[in-house]
Amino acid sequence: MIAEALGASVSWFIPALIFVVFFHAHLKGVRVFEEFVEGAKEGFFMAIKLIPYLVGIYVAIGIFRQSGAIDVIVKLFSPVLRIIKAPTEALFVSIVRSISGPAALGLMMEIFDAHGPDSFIGRLASTMVGSTDTTFYILAVYFGSVGIKKARYSPIVGLLADFTSFVASVYIVRKMFL
């Protein structure tokens, strides 16, 4: 009984919140539709402004993937992978995730097809994809949207966070599922 009432109230929360926002705006004399159209126009021009950054990051991703640099990095880190007992496919997913979200999802699906989603590597890939972000995409889009030209330490910190997430994912999946 309480669960049903709670479920019904939760389903009305977002519409009620939107109503409250519109009602408050009406009381303040804000012309909501005109403000919405103005915001949409600004968003459109922001999207046009971001296109060169997006093209640049996708070209860089393509060059990085086709050059074989990912394979070199995986071979370089293979001793560390043996110490933490992580499969090389997991590091490959982690590296690609830093570059491209859709490519990482594709790799995760390949792992699911080969090993199954409930396998250790399947759970590890899922955990990594869910707990990291596309570092280079974020740098290109977000920094580009506000006009930051020099990223300074941001790529290093982002990659360090991705590596930390990789190690934590291996640890957590080992503790939870093995």
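Every read-out reported here was derived from the displayed coordinates using simple, explicitly stated rules and does not represent laboratory data. None of the values given here were measured: they were computed from a predicted structure. Positions of Cβ are generated from backbone atoms using ideal geometry, with glycine treated the same way; all protein chains shown enter the neighbour counts.
Alpha-carbon geometry of the stretch 56-96: the Rg and the Dmax are 11.5, 36 Å, given in that order. Quick check: residue separation of Lys175 and Val30 times 0.36 nm, minus the Cα distance between them. What number comes out in nm? Full-extension gain reported as 46.9 nm.
Take each peptide in 96-106, 153-163, 22-32, count the other Cβ atoms within 10 Å of every residue, and average; sorted highest first, the result is 96-106, 153-163, 22-32.
From Cα pairs below 8 angstrom and at least 6 apart in sequence, can you work out the relative contact order of the chain, rounded to a whole percent?
Values: 118 pairs, mean separation 37.0, N = 178.
Rounded, it is 21 percent for the chain.
Compute the orientation-averaged projected area for the stretch 110-178 from the convex hull of its Cα atoms and round it to one decimal in nm².
On the way: hull surface 21.2 nm².
The orientation-averaged projected area of the Cα hull of the stretch 110-178 comes to 5.3 nm².
Note on Lys49 and Thr88: their simple-model spin labels are 4.5 nm apart, each label 7 Å out from Cα toward Cβ. Based on DSSP H segments of at least four residues, each scored -39500 (n - 2.57), the chain has a per-residue ellipticity at 222 nm of -29000 deg cm²/dmol.
Averaged across orientations, what area in nm² does the convex hull of the alpha carbons in the stretch 50-177 project? Show your work: numbers first, answer last.
Numbers: hull surface 31.9 nm².
The Cα convex hull of the stretch 50-177, projected and averaged over all directions, gives 8.0 nm².
Taking the chain as the region of interest, the number of lysine pairs whose Cα atoms are within less than 22 Å, with members eight or more places apart or on different chains, is 5.
If I take every Cα pair under 8 Å that is 6 or more residues apart in the stretch 114-178, average their sequence separation and divide by the length, what percent do I get for the relative contact order? Let's see the in-between values first.
On the way: 32 pairs, mean separation 30.5, N = 65.
Computed value for the stretch 114-178: 47 percent relative contact order.
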